1. With a sphere of radius 10 Å drawn around the Cβ of B:T119, what net charge do the other residues whose Cβ falls strictly inside it have (Lys, Arg +1; Asp, Glu -1)?
2. Within 10 Å of each Cβ of B:266-274, how many other protein chain Cβ atoms are there on average?
3. Given Cα positions, please report Rg to Rh for the protein assembly as shown, the hydrodynamic radius being the Kirkwood one.
4. Any lysines with Cα under 16 Å of the B:K320 Cα? List them, leaving off those in the same chain fewer than 8 positions away.
5. Can I get the semi-axes of region A:129-175's equivalent ellipsoid? Compute them from the C-alpha gyration tensor as square roots of 5 times the eigenvalues, in angstrom, largest first.
6. Find which of C:F62, C:T138, C:P22 sits farthest along the positive direction of the dipole of region C:20-169, computed with +1 on the beta-carbon of Lys and Arg, -1 on that of Asp and Glu, about the Cα centre.
7. Would you kindly derive the ³J(HN,Hα) couplings of region B:257-263 from the backbone phi angles with the Karplus curve 6.51 cos²θ - 1.76 cosθ + 1.60 (θ = phi - 60°), listing them in order in whole Hz, with x for Gly and Pro?
8. Give me, ordered by chain and number, the residues 5 or more places off D:A222 or on other chains with an amide H under 5 Å from its own placed amide H.
Amino acid sequence: MLQVLIQGLLLSGLYALIAVGFTLVFSVGRVLNLAYGAYLLIGGYAYFYFAQSLGLPKFAGVLLAGILGCVIGLVKYRLIVKPLKGDQVAIEIATLILAVVLQSAVILVFGDSSKILLPIIPGVERVAGAAIPYSNLFAAVASWVILLALWWFVKTTHTGRAMQAVSMDAKGAAISGVDADRINMITWAISGTLGAVAGVFFASYTQLYPGMWVAPLIIAVAVVIVGGIGSIIGTLIVAHIVGFLEVMTSAFIAPELRGVFTMILIIGILVLRPKGLFGREEI
Amino acid sequence: MTLRKLLLSTALVGVASAASAEIKVGFIGSLSSDTGLSTLRGAEMAIEELNAAGGVMGEQIVLVTADTQEDVTEGVKAYEYLAETEEVDFVISGSIDDVSLGWLPRMQEYQIPTLDTWTSYIGIIDMVVEDPEGMAPYFMNIASDEALATLYINFGADVLKAKMGFESVVVLAEDTAFGEAITGLVTEGLAPVAGIEVKEVITYDIGTVDFAPIFSKAESTGADFIYQVSSVNSQVISSQYVKLQVPMAMTGVNVSALGLEYWEDTGGAGGGISTLSPVPSVGFALDPVSQKFVDDYQAKYDSRPKMPHFNGFNAYYGLKQAMAAAEEAGGFKDVAAWSSAMLKQDLKLEKDGKLWLRYGFWDYDTVEPVTNRTYPHNALFDLEAPYDFAQPSMVVIQWQEDGTVGVVYPFEYANSEFVLPSWVK
Amino acid sequence: MGLRWYHFALWAAFAAGMFLLPEIVPRGTLRTIIFANFLAIFAISWDTLSGRTGYVSFGHPFLIGIGAYTTAILTKRFDVPVEISIPLAVLMTMVGGLIVLLPALRIKGSYFALVTLAMMELMYQLVQVIRPDLTGGTRGMSGLPTLTRGAVNGFYMSTALMLSIAFTTWLLMKTRLGTALSAIGMNEEAVAGSGLSVTRLKLVAFTASAFTAGLGGAVYVHYLGSIAPRALFDINFVFTIIVAALIGGAGTTIGPILGAFFLTFLLEYLRPWLPGAERYLIYGGVALVLYMYQPKGLIYLMGQAVRRVRKGAA
Amino acid sequence: MSAHLSIRNLIKRFGGLTATNDFSLEITPGSSVGLIGPNGAGKTTIFSQIMGEVRQDSGQIALDGLELTPLATARRIRAGVSRTYQVPRPFAEMSVAENIRVGLMPDNIWSMIAQGPDPDRELELALSVGFTKDQLEKLPSELSMGDLRKLEMARTMATGPRMMLLDEVFAGLTVGEIAMISGLVQQMRADGMTFLIVSHDLKALEPLIDRAVAINHGTLIADGPYDEVMNDAAVRASYLGT
């Protein structure tokens, strides 16, 4: 029981980090960024290249991955999202195409064999029959810290409150002097950074491979759907629902049904409550 | 308007592909995976050597490629492209199982001599048994998976039970047809033959991110070791085994550990992992001819894979055999003649005076004594020591924690010993 | 916007041109056209639902998959002849799709796209887990009966199917029903406010889309001779279908056909020069640039060019 | 072609806000009623409840004795009541004629397919609201605000109502257009159409109605002839915002 709790917490922390960047763009820009998974892809490969192939310090690897994610987020906003002027369907489709393009680019550069990342912190602790690799613990703690920092940023800083305002009512915010374009840009930059950093952690959990953008996208989608246009706290809660659901399915029912319940959860929630479980209009 | 453009451009391609007098070989497989590249490069080297020696039947061999992206539909398109646009004489394939299954109906339709070097799916050999005529152009020069698994059971008896003293096993199998088939062989073979009790079979989803709960479940069964069956994303389970330092031995099938890049790709998080491998595997001692192939290969290519996978050897020798068969049969056009000439190809490679590797094919009638069935058009293999008929269908290799890799079974081919990872008490 | 004689003349010319192709182009090109035909069918199916009503489906392979798997299982496991299994597959796609997606039709916008994506993922996982003895699990099934042999026959079959589906869809969309469906895509509330039952209209669009997807999917597996879940329930497959419809021009019938042919030929013609991963990079890049440049698609660009020429001439 | 609308004890709450508070109204066949009140008084919410776009919490709405409450919007329109919207909602990529065509369609899939459009009737409706023949193929993006309102009227009329709910039909219209629409309403009144009209333009509204109903905070505060209602103390106070 205790081991399920520990494993659930570790995995859920990671899922929360994966989902939050996606939620952020969805709530501020009302846009589904289907290329979100590509941040994780790029982040993971960037870390692999810098930290593992070039042998730079691990921290530098994470930092460079984050910077790359940030730049890609900005470029994506400038070149794709902004020209499409809030046409949601067009943005969804353009980002989907972009994700496929980025996947091919990764295959071109790194080939399509999978790669395994070194643990960020080697070593493992065993508690009550559950193994806790320091790396996973670090990922979970880092994701909590990042989420809390983000929450603090949104609630207390000027920019953060402007983001909230845009997310609630873009027109109203514009009237009260918020530069929605600037706020959107900042949001995309943060989302890209978070996605790339999440990619490093996600890849260190599993592996690097060119198709790795799909699974985290599905997780992010699940969290957003269940959480509605959610708050950061909502994201955190729902990520734990999804994470625990997965760990508990593996432990008590059958590991091969791991993903099935997540999908059923998504579909069920949407059919019953088309606006999500915690459908709130704020970040 | 588009129609005219379309016609114009097709006409151009038509002209470009109008063949002159040459032998055209088509490669089908992934151009961006180590697996696909191994076959491609093996074929390239064979062609280079043959051309330097004057070609085949006085004609030079040219190679064209068709990428499958490891996608079934792309594979079908690729085969059609080779057959209809490039009009190749012979196809060499580095396709994975599902991709081969996808284009096989096309091969049956076009009747182009085709050699598979990677897939070991026994179902394809069964197709040869059922439809010898339609499958006449098809050859597979890797031991089929049934032969692999059969010899693997002996490893269980000789090493796991006799040497390590393991009495019980928990099977961790991926949720695929491959996983199911191997699990069946293990539960029905390993247990009765080797006398190892199967405590539980845990099936996992190939998209699994986090194996911690699954390993916990495996530990709680109290079995002596884990038997892993993993062909898709197999680095994930093995690297998490290492990262989580699971306190049980683990062995089985781990396809990702078959290449020399395994160590680099896992960043060293792969020590202690053992897997069965078709031969020649990494860590496998080579006869002089094969060693020269590897040396030439490494002189020629400086990108990964640094060392060709087993299918690279298969492609290198197999392509030469296909060309030799064509010389005998007067080309590739008479498929029946080529097919029977190919069936007679037999290359024996010796090391230190002992038969080390043999490249040849089972015919329609010969019954393999251990499994008691036929394997027409499948590579020759031997399932019994001292392996004087052919090489064993597989070897077991193990990666040590210092990054070295060696063969641990069968003993005739072994150059290191099966050990437990340092963290397993 | 009514039917005119020259519409039918154009269709006849298009069909005649297509059926003349085997006399002109090499067999390899015919093979490429066969794939383009199937992609066109899927893109038309997608467009019937998503292009018209604006309910963007990201899980269209879900429908194609029902049709494909039904006929594959029936013929392979139960030896049902193809003539019976294909109609059953089409029926199954319509019924099965309705049961599962009916509740989803009340979900709007991006959420609808997401729920269809989730459906596809669910189907992918279930096909592998539930009764792998029937579905063939992860490996899928091969050695299915094929409808035709040879490039030319395959070409005639797929072209006839594509043309009849395209023509029927075009006729249907020319009626007031087509107008009503497009109206949903523009303003759903106003359609309800015009006294039309939007739910029933969406249902019709969905059923028509499922019919085409099921038929296309069923014939497709009997062309390929195999079925593999990994290639079918794949986000890249979704991508190809949607992009074909959009690049060509959503909300039209010729658009998706144009898009399907453009994409298939682009990919095939890059093959001799760029056999590897570069091909997909360029393919995706061209799709992205085209889409960003004109979301209304090639058909619109061509129309624009025609208008400009006419203006220049006048 | 007249209809009798009967609203009894309608209540609708949004969270803590009571949008419609025990509202009752009888509109006799062929009469025309003006619904007035300050911004946010709940006029449009009443329209939405009559049409079924918003479900009331309690109360009944009946048209000629037919209880509308269980019916979906489309069925209510078939029953004979139709509305226009404050913000016109044209089908953006359809011509004027096609916009009207959607309104003319029967709610029957089979006849939608089997029978072609009726261009004569489309033209007739377009002309009746004041379009010229050459405007028939224009797209909404090429039309003025006034034209869009006329299009809205035409599409609503196309559904063949016996009762029409007009929401701010005069907003954004020129004097000439107001006269034009007013003339149209008068003519339809003469033909027996029942009306419920919301307008801020009281001057234009007055001649079109037999009777006025004033509401504030969702509550009926006055009902009677136009002059009486306008002189009612509560009504005057509501407009002053107290």
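1. -4
2. Rounded to a whole number, the mean comes out at 3.
3. Across the protein assembly as shown, the Cα-based Rg/Rh ratio is 1.03.
4. Within the straight-line limit of under 16 Å, B:K320 reaches these lysines: B:K24, B:K292, B:K344, B:K348.
5. 36, 10, 6
6. The one lying farthest along the dipole's positive direction is C:T138.
7. In residue order, the calculated couplings are 7, 7, x, 5, 6, 3, 5 Hz.
8. Close amide H contacts, sequence-distant or interchain: D:A214.
Read the figures in this text as sums done on the coordinates, not as results from a lab. The structure presented is a predicted model; accordingly, all values stated were derived computationally and were not measured. A quick note on method: Cβ atoms are made from the backbone with ideal geometry, for glycine too, and the neighbour counts reach across all protein chains shown.
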